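Remarks on the structure that follows.
The values are calculated or read from the model by the stated rules, or taken from the named source; none is laboratory data. Everything numeric in this text was worked out from a predicted model, so none of it was measured. Reconstructed Cβ throughout: ideal geometry from the backbone, glycine too, with neighbour counts over all protein chains shown. Remember, those area values only see protein heavy atoms, side chains included, never the ligands or the DNA or RNA. Shrake-Rupley method; radii C 1.70, N 1.55, O 1.52, S 1.80 Å.
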Amino acid sequence: MQVSVLEAVEERRVNRQVVNHSANPPGNGPGLGLALPGLGGRARRRPDASADPPLPRGGRYDEVLLKPGGADQLRRTLAELFAKTPASDCGRTNGRTAGRGCSFLTSSALGTSGNPPEQLPFVYASEAFSAGAVVDHLGTLATKFWDVAPEANVLQLKVPKDGRIIILGDTHGQLEDVLWIFFKYGPPSEKNWYLFNGDIVDRGSYALEILLLLFAYKRDCPEAVHITRGNHEDSSCILHYGFRSELESKFPEQLSAVWNTLTVTVFPRIPIAAILQDQSEKRKIGVLHGGVPVNLSKSAGAGNGDEVPAVKLIGGLTRVNRRRQTFQQLEEGDIDGRLLYNLLWADPADSEEEKKSASSRASKFVEKDTRAFCEANGLEFIVRSHEVPRNMRGAYSQHGGKCVTVFSASNYTGSVGNVGGVLVLRGDTFEARIFEHWAPPWAKLAEILRSEPNRGASPGGDNSNISNSNN
């Protein structure tokens, strides 16, 4: 199925579901209402979180997950854990298998199957990670990583002078791509930084493990791993695009606690955008998940005019409260919400005609919008993600090289056939280059990672200058 058709089908479906769901959104705080599909959209009340019994522990790899300095061991463990699991295929099933590439049994179902033990799916919470360890790992570290103040909406990062930063676009639960990228370019370290530009969750079946791994590396080397929020790190999106199904398959008995940790504690804290600069602070590029926000009225984040020509990241976006569980249900006059929504959802257009005619949930932006945004923020160009590049390559350059789309999930949803890509930005020259990949299947990936020769070597494979990235 072509990606545009897949997105259109999901767009119509989620619009209907969000409207039906909006009257009873997921809980607005720990221990409040939680609406789940299958419950008629009704919010189920939970008692105060302090009254909940302790979450179960005892997952086989809990110690690996929670061990300071254990991120690299966790990476290798994940490759072995899923070595026999299938690749993502939700694109072939019109999204019906999103988040459910693996089938995990509940503890009560273990004794009911006639299959030999070696053919049984495993109970995730006992054979992988327990709900208690996952909630502790993600919830505790999120509060440590990210200040909730608006000033923290924008990451400001100086690329190591003798190092680099590797920017990933959407990974959408495809852990194979993340593990392959870490193998190909080396794991996060003091001189080998990574920035994940949102849409880590939904569609694929291993979004939870990507988050667990990124948090472990950021715990062990805080300056080497950075994350910006995508439109799918949203409590409404994950209800419909697969992440809730993934969590339910892994923690059917503790879904509420894991859900609340992610939607209340983790997602609202993730920064919205990033500015990457060289050591002299004279050269800068911007990173945001969707694109340039346009057609905004006056707001705290957008300046003083009735119509805003360009949003400033520092002094504009850094005055807006980003702590929202969802951007799907904006009230009339919520201009700051609209600003955030466009930063996460907007797509570029190549002409004013396309901008006006294209059907999009956010306002499309054209070259003059991109140039105005870059000028207002002192940026050489912007890096965004959010969609498979139209050339089916790892990246696509538009707007005279001022707007570069990077997408990292190869063979997206198991059916699109695109190659994945990353943008590597060197600290010494501030040169940006695109490198591409196709993640190997799980069994081959596990085999490769067992030996891991030449880990951390210079990037290989196809690459090109930004100016030629759409060839």
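Among 383-395, 245-257, how do they line up from the highest to the lowest mean number of other beta-carbon atoms within 10 Å?
On the way: 383-395: 22.8, 245-257: 20.4.
For the peptides 383-395, 245-257, the packing ranking is 383-395, 245-257.
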Any idea what the dipole of the stretch 213-270 comes to, in debye rounded to 20, about its Cα centre with Lys/Arg Cβ at +1 and Asp/Glu Cβ at -1? 100
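If the chain between residue 391 and residue 76 were fully stretched, how many nm would it gain, using 0.36 nm times the residue separation less the Cα-Cα distance? Can you show the working numbers first?
Working: separation 315, 0.36 × 315 = 113.40 nm, distance 3.30 nm.
Contour length minus Cα-Cα distance gives 110.1 nm.
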Please work out how much accessible surface residue 211 shows to a 1.4 Å probe, ignoring ligands, DNA and RNA, in Å² rounded to 10. 0
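Under the rule a/c < 1.5 gives rounded, and otherwise a/b versus b/c splits prolate from oblate, where does the stretch 313-365 land using the Cα gyration tensor? The partial results should precede the final answer.
On the way: a/c = 2.66, a/b = 1.69, b/c = 1.57.
Prolate is the answer for the stretch 313-365, as a/c is 1.5 or above and a/b outweighs b/c.
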Size of charge dipole - the stretch 128-285 - debye, nearest 20, with Cβ of Lys, Arg +1 and Asp, Glu -1, no other charges: 520
Report the local net charge at residue 385: Lys and Arg +1, Asp and Glu -1, summed over other residues whose C-beta lies under 11 Å from its C-beta. -3
Sticking with the crude label model, points 7 Å out along Cα→Cβ, report the distance from residue 122 to residue 60 in nm, one decimal please. 0.2
Take 161, 402, 356 and sort them by solvent-accessible surface of the protein heavy atoms, 1.4 Å probe, largest at the top. 356, 161, 402
FRET efficiency for residue 319 and residue 447, Cβ-Cβ distance as r, R0 = 56 Å, nearest 0.05? 0.65
Cα centroids of the stretch 376-390 and the stretch 78-100: how far apart, whole angstrom? 29
Quick one: of 284/402; 312/355; 218/402; 67/284; 284/368, which pairs are farther than 24 Å apart, Cα to Cα? 218/402; 67/284
Pair residue 357, residue 161: separation of 7 Å Cα→Cβ label points (nm): 5.2
With all protein chains present and a 1.4 Å probe, how do 217, 396 order by accessible area, largest first? 396, 217
Leaving out ligands, DNA and RNA but keeping every protein chain, what accessible area does residue 148 have, in Å² rounded to the nearest 10, with a 1.4 Å probe? 50
Would you mind calculating the gained length between residue 148 and residue 279 on full extension (0.36 nm times residue separation, minus the Cα-Cα distance), in nm to one decimal? 44.5 nm
For residue 447, what accessible surface area do you get with a 1.4 Å probe? Give it in Å², rounded to 10. 100
Could you give the length gained on full extension between residue 92 and residue 331, defined as 0.36 nm per residue of separation minus the Cα-Cα distance, in nm? 82.4 nm
Can you compute the FRET efficiency between residue 84 and residue 253 using 1/(1 + (r/R0)^6), with r the Cβ-Cβ distance and R0 = 35 Å? Round to the nearest 0.05. 0.90
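Tell me, what is the Rg over Rh of the stretch 202-301, with Rh the Kirkwood radius over Cα pairs? Walk me through the numbers before you get to the answer.
Numbers: Rg = 16.5 Å, Rh = 15.8 Å.
Over the Cα atoms of the stretch 202-301, Rg/Rh equals 1.04.
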